[in-house]
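What follows draws every value from the coordinates through simple rules; no lab data is involved. In this text, all values refer to a predicted model and were calculated from it rather than measured experimentally. Every residue, glycine among them, receives a Cβ derived from its backbone with ideal geometry; neighbour counts consider all protein chains shown.
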Amino acid sequence: MPAPRIMPWDAQGSSHEILLSREWLVTNGLGGYASGTVSGAITRRYHGLLIAALPAPFGRMVMWSHISESLIFSEEDRVSLGAEERAGGQLDLQGADYLREFRLEAGLPIWRFKVRGLVLEKRVILLHRQNTVHITYQLSGEGPRPGLELRPAFNFRHYEEAVDQLPKIPYEIRATDGRYEFTNPETTLPPLRMCIPGCCSAFTIDPRKIHQVVYRTELERGYDYEGDLWSPGAFRIDLREQEEVTLVGSTESWDIIEVLNRAEARAAERARRERLLGDAVPQARSGIAAELVFAADQFVISPAGRAEEEARAHASGDEVRTIIAGYHWFTDWGRDTMISLEGLTITTGRTLEAGYILRTFAHYVRDGLIPNMFPDGEKEGLYNTADATLWFFHALGRYFDASGDRTTLSLLLPTLTDIAECHLRGTDFNIHVDPDDGLLCQGKEGYQLTWMDAKMGDWVVTPRRGKAVEINALWFNALRLLAGWLRESGDDSAANRYAGHAQRAQRSFNERFWLADGGYLYDVIDGPNGDDDSVRPNQIFAISLEHPVLAPERWAPVLAVVERELLTPTGLRSLSPNNPDYKKNYHGDLQTRDAAYHQGTVWAWLIGPFLDAWLKLHPNEQEKARGFLSAFPAQLDEAGIGTISEVFDAEAPHTPRGCIAQAWSIAEVLRCWVKTDASN
């Protein structure tokens, strides 16, 4: 196991802002999770101790929002406490006064509190493939043994719903032999079941509304930010008799909840994480890479609630897998899945699951397209994407190289051929090959079809309609891959046909995208307003992919422009600072953020294709290539601790923004960390 990632805390010498701006995340392999700030405060509508991934039509539901934790000392024990602590004998652990350390062990969060001679450690785990959370408290040290009071608070709602919604009818409480169920009679949601197994505890029914909880990050992001929580009462445990206790919260049945006790659950999760490291490539089993393996695990899931899809897969001896694009608010996106697949599954030794993911998405191909994304709580995908399907070819190529799985290749070849034919003759969203030059064109009014997909109402910020540079790099790569696979299968006639289309597209690409005066590539040609000469990172894919479409003599000048104008320590800017539309910060309300999303904001995942391109020009300079990743280890202490954010401000200090944990950020940094390992 890697060394723990430790965030020491000094209540006197450290800024309390750190406790509110650093967040933790634990996931359950279904798309559900627990997350919050190190302080214990909930600052996002997405925070909670159990965001359960439930079947459609529910999706991800905030079932358990918060817990208040207090140590309670008896009258005689107060004599040994300080004056302030003697006053009430009840010490609130939330905040900074008693916290001494926050750390991750094997990627799991632990808080360490110190009260006089006592040390209390708190751990949070989610049981794999269950909507069950275990919160464990362990007391050690010398001093008066207090009681522990735990007061849970709820606001059952979809994780995207506004925080100011509460049911008109009060929640209901049912109690039987130490088992407690809390339900919202206005919905058909399963109850939240809670218990403290294996110890003597008491629950006092004391319903109360917690008024005007302020979600300050939602305030900053321009959303509803103030709402109430409801608490049914409090659990009380005498720690004199019990040094370790676990409060369980779950939407599973009691039979499932009680399969594993706290020790067994912790041992099972630790064993699972040891296997994750053991399965990873050797270069990823220690240090920063091992931490990234744990971070990668958060995104690979069996989607909850797609029962039909699961039944279909099981009938053919398969399993359903997909990739969550980012936490807290993304679901599974086709583009993100295909870009992330190599780093999250191949590098981590989860090749079997990579096959599951690819076959899962192959089933959803419609009119030559894979889904752009699956809305939360729904069973069918949306198809508004021009590049996700082309990334599908790239991901398949990386999978076949790693696995040698020719059975899946043979199974998917008809689908891949159909995809190519749909693009050649034209498909949805005006995606078609231009018969005049063999280049792929895309775009429809009101839609955002490339990865630069910010949209606010009817405003598509970067429509990029026409012939986009990375779309055509991906198209050429897909044609070359398909031709090679067909040739392997013995179909030389079809292989020659697609190789011919690739050759024509490559010739046109080098004639039309090259901007000789600047020494770089147009971002879009033949758009509604002509050719777009914005300096963007999309041109790097003309070099980085397995089959680069750009002529080799032009690699060096393109790379020089990208390195000079776009490269930062945390990835590539999405637009050159020399462009009048450039935005140096990503912050504010939704409209302000969307205006900056792809107009300068740095994307961590783009460091991957940049390094791939750079190493094609400098194949023997592994050590220098590793230097381009040198800022990322420090990012594991920022924003989402132990993971890497979605985006960063375009200017120093490159503050992390967006999702606190993003699949392709982790995937590409991990993949490139291994790729630049000196032992390779």
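Across 10 Å bins from 0, what is the distribution of all Cα-Cα pair distances for the stretch 283-342, in whole percents?
20, 40, 31, 9, 0
What is the Å³ per residue value for the convex hull set by the Cα atoms of the stretch 153-300?
186 Å³
What is the set of long-range amide H partners of HIS66 at a cut-off below 5 Å, with H atoms built 1.01 Å from backbone N?
It is LEU49, ALA153, by chain and number.
Specify whether the C-alpha gyration tensor of the stretch 406-458 places it in the rounded, prolate or oblate class, a ≥ b ≥ c being the square roots of the eigenvalues: rounded for a/c under 1.5, otherwise prolate if a/b is larger than b/c and oblate if not.
Here the stretch 406-458 falls in the oblate category.
Between the stretch 247-271 and the stretch 380-426, what is the C-alpha centre distance in whole Å?
A separation of 39 Å, based on Cα centres.
Dividing the Cα radius of gyration by the Kirkwood radius, what Rg/Rh value follows for the stretch 5-272?
Answer for the stretch 5-272: 0.94.
How far, in nm, would the chain grow between GLU563 and ALA175 when pulled straight, counting 0.36 nm per residue and subtracting the alpha carbon separation?
133.4 nm
Straight distance only, please: which lysines reach the Cα of LYS444 with their own Cα at less than 17 Å, same-chain residues fewer than 8 apart left out?
Leaving aside lysines fewer than 8 places away in the same chain, those within reach of LYS444 are LYS455, LYS467.
Can you tell me the order of 393-402, 30-39, 1-10 when each peptide is scored by its average per-residue count of other Cβ atoms within 10 angstrom, highest first?
Per-residue mean Cβ counts within 10 Å order the peptides as 30-39, 393-402, 1-10.
Need one number: convex hull volume per residue for the chain, Cα atoms only, in Å³.
156 Å³
Per the helix-only calculation at 222 nm, which mean residue ellipticity applies to the chain, given -39500 (n - 2.57) for every DSSP H run of n ≥ 4 and division by its residues, nearest 500 deg cm²/dmol?
-9500 deg cm²/dmol
Among ASP238, ASP649, which comes first, then next, by fewest other beta-carbon atoms within 10 Å?
Ordered by Cβ neighbours within 10 Å, fewest first: ASP238, ASP649.
So what's the gap between the Cα centers of the stretch 11-72 and the stretch 552-626, to the nearest angstrom?
Result: 32 Å between the Cα centres.
Students often forget the sequence filter, so: which lysines lie under 20 Å Cα-Cα from LYS114 once same-chain residues fewer than 8 apart are removed?
Within reach: LYS122.
According to the square roots a ≥ b ≥ c of the eigenvalues of the Cα gyration tensor, what is the shape class of the stretch 566-680, taking rounded for a/c under 1.5, prolate for a/b larger than b/c otherwise, and oblate for the remainder?
Taking the square roots of the gyration eigenvalues as a ≥ b ≥ c, the stretch 566-680 is oblate.
Can you give me the Cα centroid spacing of the stretch 436-477 and the stretch 633-680 in angstrom?
Value for the Cα centre distance between the two parts: 26 Å.
Below 8 Å, C-alpha to C-alpha, sequence gap of six or more: please give me the relative contact order for the stretch 426-564 in percent.
Computed over the stretch 426-564, the figure is 21 percent.
Taking the beta-carbon count within 10 Å as an exposure proxy, list ASP612, ASP164, ASP177 from fewest neighbours to most.
Going from sparsest to densest Cβ surroundings: ASP177, ASP164, ASP612.
In whole Hz, what ³J(HN,Hα) sequence does the stretch 459-466 give by Karplus (6.51, -1.76, 1.60; θ = phi - 60°), x for Gly and Pro?
8, 8, 5, 10, x, 6, 6, x
Evaluate the charge dipole of the stretch 566-680 about its Cα centre and quote only its size in Debye, nearest 20, assuming +1 on the Cβ of each Lys and Arg and -1 on the Cβ of each Asp and Glu.
Charge dipole of the stretch 566-680: 200 debye, to the nearest 20.
Show me, for the stretch 341-352, the HN-Hα J-couplings you get by feeding each phi into the Karplus relation (A = 6.51, B = -1.76, C = 1.60, θ = phi - 60°), rounded to Hz, glycine and proline as x.
These are the phi-based 3J(HN,Hα) values: 4, 5, x, 7, 10, 6, 5, 8, x, 9, 4, 4 Hz.
Under the definition of Cα pairs under 8 Å and six or more residues apart, what whole-number percent is the relative contact order of the stretch 99-150?
Worked out over the stretch 99-150, it gives 26 percent.
Work out from phi, with θ = phi - 60° and the Karplus expression 6.51 cos²θ - 1.76 cosθ + 1.60, the ³J(HN,Hα) of each residue of the stretch 431-440, listed in order in whole Hz, and give x for Gly and Pro.
Each residue's phi maps through the Karplus curve to give 7, 6, 8, 6, x, 6, 9, x, 8, 8 Hz.
In a Debye calculation with equal point scatterers on the alpha-carbon sites of the stretch 218-327 and no solvent, what is log10 I(q)/I(0) at q = 0.13, 0.15 Å⁻¹?
Debye output, listed in q order: -0.97, -1.15.
What's the magnitude of the charge dipole for the stretch 5-272 around its Cα centre, counting Lys and Arg as +1 and Asp and Glu as -1 at the beta-carbon? Answer in Debye, nearest 20.
540 debye
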